[in-house]
Amino acid sequence: MLVVAVWLFAAMSAAGGTYWLIVRWRVYRDGSGRPLMRSGIDLQLDAWPSVSVVIPAHNEEHHAPELLRSLVAQSYPALLEVIFVLDRCTDGSRAALEREWLRHPDAVRRGVSLRIIENDSCPADWAGKCNAAAVGAAAAKGERLLFTDADTLFDPLLVRASVALLEDRGLSLLSALPGVSIRHLFEATVQPLAAMELMKLFPIARANDAAHPRPFANGQFMLFTREGYDAIGGHAAVKDDLLEDLAFARAAVQVAHLRAGLFVADDMLHVRMYETYRQFRHGWRRIFIEAARRRPHKLRRYAAECALAGAGVFIAALLSIGCAIVALRSGDAPLGWAGIGCGAFALLAQQSTLMHIFALIGVPRIAALTCAHGSIAVAGIMWQAARDLRRGQASAVGRARVCADARARLTRRSHLALSRQRLRSLPMLPIPCASSSPTTMESRRRASRRCTVRSRRSGMSSLSRRRVHSPP
């Protein structure tokens, strides 16, 4: 039994170590040519377009002033319009923004303007953030539109670098991957593995491949040309999608046949996404649902792969080493050293690869030691997302879409009820029928009933035609 256990865990460790070596090679291959946002800093343009930065915000009293401060500090050679759309805010977001703006009296002289729009309504079939972004885009005057979130922070050269790359590469949509902010434990142990799974589905090289692209965009930073945004249809074209960034990327590349680019911003863009682990789980459930195109079987497969590659390899390597030590003590040196070698190979390949990836995205290397816990947590999020899709829960598949469907059903029912009510109000008079020639009182009654039914049907069809051609 010991021999079987050693060989089994040693084989699993060898397979897992080989898998992680392949991952390391792919990271090295793709990482050497990573498109960096900093590469646009030194680019020069003959004429710099004006830029409108649109920020939809809901109760961002603490985050919004910090973002405004980083936008005012931008080193951009043309006009920069900052538009905050306060979407049904109940806190002091407007007052906080106005106080921060007063601290920069030279902003207007440097070409930066601020506009605060208070949005008090939202159409029934729109998500709040998507509608607020559309409101801001309609009010924007810039030649380029930049959509970002209120919980982001910009490097002073970020707008300049992104616009330069957009113009130099001839793109209609440019998106950026931010640096990771580490404020909570789950942001160091779970979030990097979740980001790795997302990047496995949407590799940067494939997102930028002009011949065979796999469209991807990050909603925390999306820079459009005005022509590209209008060609897609604006936010109205993606109002039914759970994640508007992925929908924008697919619409731009696959529908409008525009060019899109994805760049690594690293420390030029910082994001503070989630304050609690519960928010983290909910947010990443939505991301994985859209990334898997709402297919539960894909989510379950991704979950199994994540758990096996992380926790599976780690545990198999430890068990291989443990069983091999027992074999050594029992006198079977070749078997023991073989088990120790395979287990050590798997651990070394996995940990060195994860430490390299964590260093690339700005996460402490030591966090790689928690990969077993992180992979199980990410797999659990994917599995829960698959369960939510199977159950059709509104919290997972998008309350906006479910509510829209429900409203459509209620509308159809109300029209039907109205038609029936109008039908009942029609006079119950028989219409003489040429085909009926009653000879007795009973035959007259039957003919009267038949004609009454025909009159009702005639009234129903006229009502239907009236409802189609001239709405009530």
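Only the coordinates and a few stated rules stand behind these numbers; no lab work does. Computed from a predicted structure; not experimentally measured.
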Share (percent) of C-alpha pair distances in the stretch 29-280 greater than 34 Å works out to 12 percent
In 10 Å bins starting at zero, report the fraction of Cα pairs in the stretch 317-356 per bin as a rounded %. 36, 41, 18, 5
Restricting attention to the alpha-carbon atoms of the stretch 51-169, what are Rg (one decimal) and Dmax (integer), both in Å? 13.9, 42
Partner lysines for residue 200 [C-alpha distance under 22 Å; skip if fewer than 8 residues away on the same chain]: 298
Taking only the Cα atoms of the stretch 173-307, how large is their convex hull per residue, in Å³? 118 Å³
Output ³J(HN,Hα) for the stretch 4-21: one whole-Hz value per residue in order, computed from phi by the Karplus curve 6.51 cos²θ - 1.76 cosθ + 1.60 with θ = phi - 60°, and x for Gly and Pro. 4, 5, 5, 5, 5, 5, 5, 5, 5, 5, 4, 5, x, x, 5, 4, 6, 5
From phi via Karplus (6.51, -1.76, 1.60), per-residue ³J(HN,Hα) for the stretch 168-182 in Hz, x at Gly/Pro: 5, 8, x, 8, 9, 9, 10, 10, 9, 9, x, x, 8, 8, 10
Distance from the stretch 94-121 to the stretch 1-66 (C-alpha centre basis), Å: 34 Å
Just to check, using Stokes-Einstein with a Kirkwood Rh over alpha carbon pairs, what's the diffusion coefficient of the stretch 1-102 at 20 °C and 1.002 mPa s in µm²/s? 113 µm²/s
